[in-house]
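Student: Okay, here's the structure, questions in a sec.
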Amino acid sequence: MPATNARPGKIVCVGRNYREHAKELGNEVPKEPLIFLKPPSSVVREGEAIVLPPASSRVEYEGEIGVVIGKTLKQVSESDAARGIRAIIAVNDVTARDLQKSDSQWTRAKGFDTFCPLGEESSKLPDLDSLTVVTRVNGVERQRGKSSEMVFSIPSLLAYISRIMTLEPGDLVATGTPSGVGPLAHGDIVEVEIPGVSRVSNPVKESR
């Protein structure tokens, strides 16, 4: 059995994969998937705190559907990509929004320690076209999106990425966030859930 709590070898993220999210941030929908990386050191698990860094005054949640890779994918078709999925997990792509806007690259904004809460892997692989992701802050729903609303489907994303870099077992692909992103503050509890599949809940605290 895979070590489901091991850190991913790499975390490949997709930006602006929901039209309404691109619109709410004043961005165009990309013609090809917009990808970036988060460091494995940003991973935390259920119940671990998201720490607000002093360098940012605007840290936001981004609930996402995460895909854990189960076998090596290199220059594969969409159908082969779909067969290479090990699990679907809840992901919170925590982002320092002010730093994302000020920097030409997103590494700093996305890469702080604790900025990638991950849920548990599901024992069953659900239908990729019928997934829903929900984000709640202090019990109040803030985001709800469906995989069917994505600009680029999960298999097409994996196939695209595999033509750039080899995806290896244990790697994570975060497939983009729906509209409704917003700020986090000290004392908040933020939860990302893929109903019936995976969830992760984390307290938010200031850095000491």
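Student: Taking strands (runs of 3 or more DSSP E) that fall entirely within the stretch 1-107, which contain at least 1 residues that are in contact with a strand residue (DSSP E or B) (Cβ under 6 Å, 6 or more places away or on another chain), surrounded by 18 or more Cβ atoms within 10 Å (Cβ to Cβ) and among the hydroxyl-bearing types (Ser, Thr, Tyr)?
Tutor: Values: elements: 11-15, 34-38, 50-52, 59-61, 63-69, 85-92.
The qualifying strands (runs of 3 or more DSSP E) are 59-61.
Student: Of all residues in the stretch 20-35, which are among the basic types (Lys, Arg) and in contact with a Ser or Thr (Cβ under 9 Å, 6 or more places away or on another chain)?
Tutor: The first filter runs over the stretch 20-35 and keeps only residues among the basic types (Lys, Arg), leaving 23, 31.
Across the stretch 20-35, the qualifying residue is only LYS23.
Student: Tell me the residue from GLU168, GLU193, GLU206 that is touching a residue at least 60 places away in the same chain (Cβ under 8 Å), within 24 Å of ARG45 (Cβ to Cβ), acidic (Asp, Glu) and in contact with a Leu (Cβ under 7 Å, 6 or more places away or on another chain), please. Talk me through it step by step, then tell me what you get.
Tutor: On the way: GLU168 fails: in contact with a Leu (Cβ under 7 Å, 6 or more places away or on another chain); GLU193 fails: in contact with a Leu (Cβ under 7 Å, 6 or more places away or on another chain).
Among GLU168, GLU193, GLU206, only GLU206 is touching a residue at least 60 places away in the same chain (Cβ under 8 Å), within 24 Å of ARG45 (Cβ to Cβ), acidic (Asp, Glu) and in contact with a Leu (Cβ under 7 Å, 6 or more places away or on another chain).
Student: Name the residue that is farthest from the chain's Cα centre (by Cα), counting only residues in the stretch 108-130 that are among the aliphatic types (A, V, I, L, M) and crowded, with 21+ Cβ neighbours inside 10 Å.
Tutor: In this case the residue turns out to be ALA109.
Student: Right, ALA49: touching a Lys or Arg at 6+ places or on another chain (Cβ under 6 Å), at pLDDT 95 or above, within 15 Å of THR135 (Cα to Cα) and aliphatic (A, V, I, L, M) or not?
Tutor: Working: touching a Lys or Arg at 6+ places or on another chain (Cβ under 6 Å): yes; at pLDDT 95 or above: yes; within 15 Å of THR135 (Cα to Cα): no; aliphatic (A, V, I, L, M): yes.
For ALA49, the condition - touching a Lys or Arg at 6+ places or on another chain (Cβ under 6 Å), at pLDDT 95 or above, within 15 Å of THR135 (Cα to Cα) and aliphatic (A, V, I, L, M) - is not met.
Student: Need pairs with beta-carbon distance below 9 Å; first residue under 15 Å from ALA90 (Cα atoms) and within the stretch 140-162, second assigned to a helix (DSSP H, G or I) and among the polar types (S, T, N, Q); sequence gap 6+ or separate chains.
Tutor: Pairs found: LYS146/SER130; SER147/SER130; ILE154/SER147.
Student: Can I ask one more? Looking at the stretch 142-166, which of the residues that are in contact with a Ser or Thr (Cβ under 7 Å, 6 or more places away or on another chain) and assigned to a loop (DSSP other than H, G, I, E, B) is nearest to PRO33 (Cα to Cα)?
Tutor: Applying the filter and picking the extreme gives MET150.
Student: Modelled with pLDDT under 95 and closer than 24 Å to GLY180 by Cβ: which single residue out of SER147, SER42, SER102, SER122 fits that description?
Tutor: SER122
Student: Report the residue count in the stretch 51-76 for those that are of a type in the set (Asp, Glu) and touching a Leu at 6+ places or on another chain (Cβ under 7 Å).
Tutor: Of all residues in the stretch 51-76, those of a type in the set (Asp, Glu) come to 60, 62, 64.
With the extra rule that they be touching a Leu at 6+ places or on another chain (Cβ under 7 Å), the set shrinks to 60.
The qualifying residues number 1.
The values are calculated or read from the model by the stated rules, or taken from the named source; none is laboratory data. Not measured: the values here are computed from a predicted model. Positions of Cβ are backbone-derived with ideal geometry, glycine not excepted, and every protein chain shown enters the neighbour counts.
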